[in-house]
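Please treat every number below as a calculation from the coordinates, not as lab data. What you see is a predicted model, and the numbers here were worked out from it, not measured in a lab.
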Amino acid sequence: MTTTDSRPSRLIPLVAAVVAGAVAAAIVLATARVGGGQAGQSPTLPNGPTAGEVAAGANPAASGSEPVPPPSPKPASPPPAPAPQPGPASGQAEPAGPVEEPPGPAPAELVVSTNVINMPLGATEGSFTITNAGGEPLNWNAHAYPYFALSDESGSLTGGSSQTIEFTIHTAAFEPGPYTRTIKVFHPGFGGEIISVNGVKVVEAFVAAG
């Protein structure tokens, strides 16, 4: 009777169990690496965001919500308003504005009472008046044609004042008949006025007879 060795048949299940255990361990290790990733990081999903992004709603397409716009910049604050100035105390009048100085006096202006004097027949004496129509003092001078004698040939007038000038014509050297002589009154540096004196010299015999 032949005896058969049964040891090989008993080793086959044992080897199969060892191989199955190794394969299972390898599958578990690979699954752990894929599912857990490296330490401290969320596992990544195939062709998509990480599990942490999906949980936080970082994928708008997956969550169905609109993208959140970035916050608008805050407007610049307006400058602070100036502090109010203290006004006058109660019961006190506000200070008046700048006081305007009164205008100064008007410049001196020479005016004569007339520019033509018609002497009566045979008369040799007459007069005229000069006036300072301005406000400042007026210095005047008078110059007469030869054979004239003036009571004053120069002087000074305050603003608004007047002075009468008398004159005498010496007609002894004149021929009988009409004559015209002139007197010039002027304000030095400002021109002057011309006064024409018209008269008639008559013969003494005719005057005595008249």
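One table, with the values for the structure above:
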quantity: Segment ASN115-ALA149, length gained on full extension (0.36 nm per residue, minus Cα span); calculated: 10.4 nm
quantity: Overall Cα dimensions of region 110-209 - principal axes, largest extent first, Å; calculated: 52, 20, 18
quantity: Stretchable slack from VAL99 to THR164, in nm (0.36 nm times residue separation minus alpha-carbon distance); calculated: 19.3 nm
